[in-house]
1. Just to confirm my numbers, what's the Cα centroid distance between segment 397-430 and segment 40-63 in Å?
2. Hey, with R₀ at 30 Å, roughly what FRET efficiency would Gln75 and Arg103 work out to, going by the Cβ-Cβ distance, to 0.05?
3. How many percent of DSSP beta bridges within the chain run antiparallel, rounded to 5?
4. Which lysines, on any chain, are close to Lys395 with Cα under 17 Å apart, when same-chain ones fewer than 8 places away are left out?
5. What length, rounded to one decimal in nm, is gained on full extension from Ala158 through to Met140, with 0.36 nm per residue of separation minus their alpha-carbon distance?
6. Would you work out the relative contact order for segment 439-494, in percent, from Cα pairs under 8 angstrom that are 6 or more residues apart?
7. Please work out the Kirkwood hydrodynamic radius for segment 266-372, using every pair of different C-alpha atoms, and report it in angstroms with one decimal place.
8. For segment 103-239, what is the relative contact order in percent, using Cα pairs closer than 8 Å and at least 6 residues apart in sequence?
Amino acid sequence: MDHNTSVTDGPELAEPYLREVLAGAGLAVEYVRAEGNTLYQRGDDGSETPVVDFAGGYGSVLLGHHHPEIVARAQELLAEGTPVHAQFSRHPYANRLAAELNRIIHRELGTTEPYFAIFGNSGAEAVEAAVKHAELDRGMRIEALLTEIGASARDALAAVASGAATVAEPTLTRFGLTATQDPATAVRLLEAELGRHNATQTARPPLFLALEGGFHGKLAASVQLTHNEGYRAPFRSLAAQARFVPHDRPDLLKEVHAEERGVLLELGVADGRVVVREREFPVFCAFLVEPVQGEGGIRVLSEEFAREIQEFCAAIGCPVVVDEIQSGMGRTGTFLAGTAVGLRGDYYALAKTLGGGIAKTSVMLVRQAYYRREFEIVHSSTFAKDSFSCHIALKVLELLEADGGLAYRRAAERGEALRAALDSVRSDYPDVIDEVRGRGLMLGLEFRDQSDSPSAEIQGAARGGLFGYVLAGHLLRAHRVRTFPTASAVNTLRFEPSLYLSDAEIAQLEQGLRDVCALLREGAGEALIAM
């Protein structure tokens with residue numbers, strides 16, 4: 001039978017190629033129920049088969065699938081007929097959510113500066129909102145700068161006209177102008193020349209900075225801020241321009257600034273002479289950072305590099321956008337993963353766990369110093385800020401904060417237990433496993449390159465970029481464990497389970513990983529890939 005045809009469903013029209021790829025790795029299974037840290041498959045006899053979920057909705061279900069209190073709140077909201085479509089009206093529940101987010105973030109950052117909230121439906125949308133807001137702010141700063149430059153030119157002309165200032169010949173020749181008997185004419189010519197230079201500078205597109213290995217979404221702008229070339233290249237002409245900085249290479253930040261820096265030129269008067277001053281042109285729009293890279297291989301930002309990024313951005317007036325979509329909301333043991341490395345954002349992007357595994361919601365937070373109220377008029381999203389999603393998010397925050405933040409402590413403790421199991425496997429198979437990385441319940445296990453494996457099957461998977469998916473397929477098929485590789489580092493398996501991860505489930509994963517490692521060590525490709 002053709003792979004696109006199903007007896008019961010007809011032709012496969014919902015992303016058939018993706019299904020084909022998943023089927024090749026043994027991952028094209030259907031789940032019929034979810035509860036806690038478990039997904040259930042339906043067997044041929046109608047029975048349910050439990051699968052331990054270490055993928056966790058790519059970090060979305062920190063509180064587990066269908067948490068009973070979240071489900072109960074959702075049922076209440078629907079029974080009450082809570083409005084979903086009440087756009088362009090007052091939303092007090094959204095304000096309560098923003099206030100609660102501020103309370104928690106203020107506690108972690110030790111600040112009282114307000115963060116204003118713009119709501120969306122997905123993490124990528126939150127990133128897009130941050131990028132758009134940063135560009136609006138940059139544009140308004142450029143307008144203000146040009147207004148100041150224009151006022152300075154008028155002051156210089158007035159000073160020359162009154163005889164209080166003259167124009168030195170070197171100032172003119174610097175810009176290819178010749179001396180003239182009329183100082184006012186000289187100033188006008190100089191102003192025109194500077195205007196042409198400034199027009200060239202202000203026509204430059206905004207430049208974003210991001211880290212190598214970073215992932216910030218796949219929408220038109222956010223995909224260009226995602227390091228994976230395979231995602232970016234087909235859409236390179238559409239949107240944002242970015243420079244990617246390697247991890248722990250703060251020395252390159254100054255090099256990038258020197259290469260990309262722009263200046264505007266301004267007329268002024270000093271000691272009775274017309275002078276030309278340089279004003280920094282804000283070509284850098286924002287620096288996007290994940291405290292723990294999810295798709296880049298579960299890499300944790302170091303405290304040193306976080307500090308360097310912070311200091312660099314403060315020096316050049318470039319805002320820091322902290323992408324906490326996957327790492328935030330308590331997954332690493334604190335509400336913000338950036339807290340542990342001293343990272344403070346001018347913008348924050350939150351999503352995934354914010355919706356409690358049920359609501360599709362996200363939020364972009366921007367601190368008062370950068371906030372532009374005009375953004376609220378030029379940006380909107382139909383389903384954003386609705387009553388259902390906001391109330392679910394409030395319930396999520398209530399659960400995270402309950403009992404003095406027990407959820408954060410549990411994430412750290414369960415993460416330590418899971419990491420101990422991963423470290424044990426690595427210790428016994430150092431020839432197969434390269435490294436264990438991450439923090440809390442956001443961990444990664446990197447396997448050594450198998451492109452030279454004696455097994456043709458393993459070698460082919462490694463060279464074809466499917467190695468991690470093949471391992472995930474074996475774990476699912478043979479051990480009822482669900483996980484995936486990180487998208488931009490396919491030799492790394494990710495583990496992002498819920499808070500309710502049990503010791504028995506950790507043991508089940510460890511057994512599966514030991515089996516995988518033994519098969520890789522033996523070069524037993526047929527057993528690893530058998531369908």
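1. Centre-to-centre (Cα) distance: 20 Å.
2. So, using R0 = 30 Å, E works out to roughly 0.65.
3. DSSP beta bridges in the chain are roughly 70 percent antiparallel.
4. Answer for Lys395, where 17 Å is the Cα cut-off: Lys352, Lys360, Lys385, listed by chain and number.
5. Contour length minus the Cα-Cα distance gives 3.8 nm.
6. Relative contact order here is 37 percent.
7. Working: mean 1/r = 0.0631 Å⁻¹.
For segment 266-372, the Kirkwood estimate is 15.9 Å.
8. 20 percent
Readers should treat all values here as calculations from the given coordinates under stated rules, not as data from a laboratory. Note that this is a predicted model, so its numbers are computed, not measured. Cβ: placed from backbone, ideal geometry, glycine included. Neighbour counts: every protein chain shown.
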